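The values are calculated or read from the model by the stated rules, or taken from the named source; none is laboratory data. Predicted model only: the values in this text are computed from it and were never measured. Cβ atoms come from the backbone with ideal geometry, glycine included; neighbour counts cover every protein chain shown. Accessible surface areas use protein heavy atoms only, side chains included; no ligands, DNA or RNA. Shrake-Rupley method; radii C 1.70, N 1.55, O 1.52, S 1.80 Å.
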Amino acid sequence: MVEQPRVAVPDSKLQELPAGMLDDGVGVSTAVREILEETGIRVEGGDLVDLGSVYPSPGACDEEVGLYACEKYVTEEELERVKDRLGGLSDELITVRLVRVCDLWRQTSDMKALAALYLWDRQNSEI
């Protein structure tokens with residue numbers, strides 16, 4: 001998860017998924033780029049699982065958000081290297097926060113993260 005100030009959100013410590021604008025129209029390459037840029041973790045397109053997409057505010061705009069899960073083994077050393085790391089571009093104030101998947105729903109009110117968690121859980125459920 002990453003923390004960054006959001007003017008429209010009263011909680012300045014909102015934890016959210018790395019995200020960015022589609023520059024090339026391809027969600028996977030955008031996700032790979034944003035994960036590296038915001039967290040310092042290098043992933044490949046094959047590490048990502050497409051969870052689908054959601055419309056966060058269909059009554060107000062046509063924004064569509066593609067959601068991905070990342071399934072990649074990282075060492076304890078790699079996790080320590082990125083923990084509380086400052087990331088993003090020079091005008092972004094992003095801090096990496098490590099959150100256990102089982103605690104994610106308690107740690108954030110970010111719709112992208114909660115939707116991704118739900119969709120990932122449904123894909124991995126035996127129900």
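Quick notes
- In the set (1) farther than 15 Å from Pro18 by Cα; (2) surrounded by 11 or more Cβ atoms within 10 Å (Cβ to Cβ), the condition left unmet by Asn124 is number (2).
- Subset of the stretch 86-102 that is within 15 Å of the chain's Cα centre (by Cα) and not aliphatic (A, V, I, L, M) - its residue that is modelled with the lowest pLDDT: Gly88
- Top-ranked residue in the stretch 16-63 [being closer than 26 Å to Leu86 by Cα and among the polar types (S, T, N, Q); ranked as surrounded by the most Cβ atoms within 10 Å (Cβ to Cβ)]: Thr39
- Scanning the stretch 104-127 for residues that are in a loop (DSSP other than H, G, I, E, B) and farther than 23 Å from Thr30 by Cβ yields Ser109, Asn124, Ser125, Glu126, Ile127.
- Among residues of the stretch 60-74 that are outside any strand (DSSP E or B), those with a beta-carbon under 8 Å from a residue that is among the acidic types (Asp, Glu) and open to solvent by less than 60 Å² (accessible area, probe 1.4 Å) at least six positions away or on a different chain give the pairs Glu71/Asp47; Lys72/Asp47.
- Number of residues in the stretch 79-103 that are open to solvent by 70 Å² or more (accessible area, probe 1.4 Å), without any contact (Cβ under 8 Å) to a residue 40 or more places away in the chain and not in a loop (DSSP other than H, G, I, E, B) equals 4.
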